[in-house]
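The values are calculated or read from the model by the stated rules, or taken from the named source; none is laboratory data. Every value quoted in this text rests on a predicted model; they were computed, and no experiment measured them. Quick reminder, even Gly has a Cβ in these numbers, built from the backbone with ideal geometry, and neighbours come from all protein chains shown. Surface accessibility is based on the protein's heavy atoms, side chains included, excluding ligands, DNA and RNA. Shrake-Rupley method; radii C 1.70, N 1.55, O 1.52, S 1.80 Å.
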Amino acid sequence: MNDELYPGPTLKPQPRPTNRGHVVRRAALVSAGTGLSRVLGFIRDMLIAYFLGAGVMADVFLAVLRLPNILRRLLTEGAVAMPFIPAYLGLVQTEGEPRADAFAKSARAWALWLSSLFCVPGLAFPLPVLLAVAPGLAYRLPELPGGAAFAELLMRVSLLYVPPIVLSCVNSALLQSRGNYLAPALAPCILNVCFILPLLGLLAVGQVDFFQHTPQGAHLAALALVWALPLAGVCQMFYLGGSLRRGGFKAPEKARRRDKAVFSLGRILPSSLCVTASHQIALLIAVMAASFLPEGYITQVHFADQMIELPLGLFGMALAAAVLPSFSALAAPERRAELREALALSLRLVSFVALPATAGLFGLAFPLVDALFGHGAFDMAAVAGCSALLSGYVLCLPALAAIRPLIAAIHALQRTRAAALAALASFAVTGLACSVVVWLSPLLPLPEVRSLALGLAVSLGAMAFAVLLLRILALDDAAPALGGVLKELALPALLSLGIAVFCRMCAAAFPAYSFWLIVVLVPGCVLAYAGVCLVCKRPETEFLLALVIRRRAKKM
């Protein structure tokens, strides 16, 4: 039985929900903000890699960062917005905007209270929380400068980020419900700027020598970074709150403690979190497994994930945010054929971009990691391991990109409970695969082989989740004809395979020229791929071109 998001009549269709121009504009706004955030994120991670390297300090710091990072990612990238938007719009249509605004006010109050309550155990017992994220670190904390006490301090400070970012997530969903997609997409930029500035400040005042990589320097850098986290949360909270006020949102003076719509949202939110956070939970499982491997593997998981977040965030998340209102309006049984058509278009678009992105990241894994992170304390052994893990991990990029619109359709159909069970099954696949890697690690001949195997384990779980989501949609007669979608993607897949082979050969032939390989091959392959698709009159190129230049797409 479908889950009811909120009591009341069925949602009325939004005006012109399937207009592709509206989807293009929404996706373009999200892509612009996400693209800027990802660029700043690369600068942030380059500095983290430079100062912390891939040793025990980096592993502990990134493990500490994992819990608030999971909360930020899963809440800002759809887990709140996907159930919140239909609920808010439904109340606007059935009971009026003042009632919907009262619901939003109550949701914000509950979010702030529950997130503060969530932090109490972690503030009281930080070390068990850290070891729950990365249990293998228990054997390596004595090697950390400052020992377990320093790890506890990092954990406590990082948890102060949770209440403001949770409140910001509700504000972000409310802004999207009111048609503002740019402000939520730009909010993560604040986090990255707050990470970058303290490191530059340490350099400016001479507390850290750019050319000397000492344990004391890494200690200071980790402290500066972790204190930047709650500061960024407060700044994001005020920025999004100001955007709401400027947009005309007028919240009631008092929040309702017993708002039925909020309770209905609360009933479905755990399932929504499980579904939307599936990738982040899979990464957490990988981090837990990596903590039992020698030092550096937690760091490898983090930086490999950052590499695929750029294409995934630019297109997968942007398109999912853009199509959710359209999918919500097409959820009625009499419009199921339109939903299948819209979902097929979404899958073709994300795959059209994800396939060459996968090929490029796979083929240029070593040059990219070397050029971006292979400096300072991040030595060549760390580069080799991270690029190997990326080579296995990036194979799930098409599945991850497809999961975004699939989840949007799942939410529109209110089938989140079934999808949550599918997510649990995918976690079991990821956990089993990662456990096998840990158990067999003494038998694997090279560290790079262990890294590759760990990346493949995460990919296996993501692929399993995508298949299960398609199966759920098929039961509701909402799954597109998969054979037709694959047939349409035959040419992009062949071109992407050629790009992967060519880039891998070039990387092997010129290992000392990482920067120039990226400068030449990345734009060259993009132009070649786009040129062939344009000559062959692929319809996806027309649609994506409209997204880039923010014009209304022509009818395909």
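I'm trying to understand the selection: among the residues of region 416-434, which are open to solvent by less than 40 Å² (accessible area, probe 1.4 Å) and within 17 Å of residue 393 (Cβ to Cβ)?
Those that are open to solvent by less than 40 Å² (accessible area, probe 1.4 Å) and within 17 Å of residue 393 (Cβ to Cβ): 426, 427, 430, 431, 433, 434.
Got a number for residues in region 142-180 being farther than 30 Å from residue 216 by Cα and in contact with a Gly (Cβ under 8 Å, 6 or more places away or on another chain)?
Of the residues in region 142-180, 8 are farther than 30 Å from residue 216 by Cα and in contact with a Gly (Cβ under 8 Å, 6 or more places away or on another chain).
Could you list all residues from region 97-138 that are farther than 30 Å from residue 438 by Cβ and open to solvent by less than 20 Å² (accessible area, probe 1.4 Å)?
100, 101, 102, 103, 104, 106, 107, 111, 115, 119
Which residues, taken from region 139-183, are open to solvent by 20 Å² or more (accessible area, probe 1.4 Å), farther than 15 Å from residue 112 by Cα and either hydrophobic (A, V, I, L, M, F, W, C) or assigned to a helix (DSSP H, G or I) (or both)?
139, 142, 143, 148, 149, 152, 153, 156, 176, 182, listed by residue number.
Within the group 364, 395, 389, which residue is out of contact with any His (no Cβ under 7 Å at 6 or more places or on another chain), farther than 22 Å from residue 58 by Cα and open to solvent by less than 10 Å² (accessible area, probe 1.4 Å)?
364
Considering every residue within region 152-159, establish whether at least one is under 30 Å from residue 250 (Cβ atoms) and within 22 Å of the chain's Cα centre (by Cα).
No.
Restricting to region 107-138, give me the number of residues that are touching a residue at least 60 places away in the same chain (Cβ under 8 Å), under 23 Å from residue 293 (Cα atoms) and in a helix (DSSP H, G or I).
Residues flagged as touching a residue at least 60 places away in the same chain (Cβ under 8 Å), under 23 Å from residue 293 (Cα atoms) and in a helix (DSSP H, G or I) within region 107-138 amount to 6.
So is residue 467 touching a Gly at 6+ places or on another chain (Cβ under 8 Å), among the β-branched types (Val, Ile, Thr), at pLDDT 90 or above and open to solvent by 20 Å² or more (accessible area, probe 1.4 Å) or not? Steps first, please.
Working: touching a Gly at 6+ places or on another chain (Cβ under 8 Å): no; among the β-branched types (Val, Ile, Thr): yes; at pLDDT 90 or above: yes; open to solvent by 20 Å² or more (accessible area, probe 1.4 Å): yes.
Considered against the rule, which asks whether it is touching a Gly at 6+ places or on another chain (Cβ under 8 Å), among the β-branched types (Val, Ile, Thr), at pLDDT 90 or above and open to solvent by 20 Å² or more (accessible area, probe 1.4 Å), residue 467 comes out as no.
Among the residues of region 221-235, write down those that are surrounded by fewer than 19 Cβ atoms within 10 Å (Cβ to Cβ) and among the β-branched types (Val, Ile, Thr).
Hit for region 221-235 is 234, nothing else.
Considering 453, 428, 433, 466, which residue is closer than 20 Å to residue 277 by Cβ, touching a residue at least 40 places away in the same chain (Cβ under 8 Å) and part of a helix (DSSP H, G or I)?
Among 453, 428, 433, 466, only 466 is closer than 20 Å to residue 277 by Cβ, touching a residue at least 40 places away in the same chain (Cβ under 8 Å) and part of a helix (DSSP H, G or I).
Give 45, 59 a once-over and let me know the one that is within 16 Å of the chain's Cα centre (by Cα), open to solvent by less than 20 Å² (accessible area, probe 1.4 Å), modelled with pLDDT of 85 or more and among the acidic types (Asp, Glu).
45
Is it the case that region 503-512 has a residue that's buried (at least 17 other Cβ atoms within 10 Å of the Cβ), part of a helix (DSSP H, G or I) and in contact with a Cys (Cβ under 8 Å, 6 or more places away or on another chain)?
yes
If you check residue 234 against the conditions, is it modelled with pLDDT of 90 or more and β-branched (Val, Ile, Thr)? If you could, list the steps in order and put the result at the bottom.
On the way: modelled with pLDDT of 90 or more: yes; β-branched (Val, Ile, Thr): yes.
When the stated conditions are applied, residue 234 passes them.
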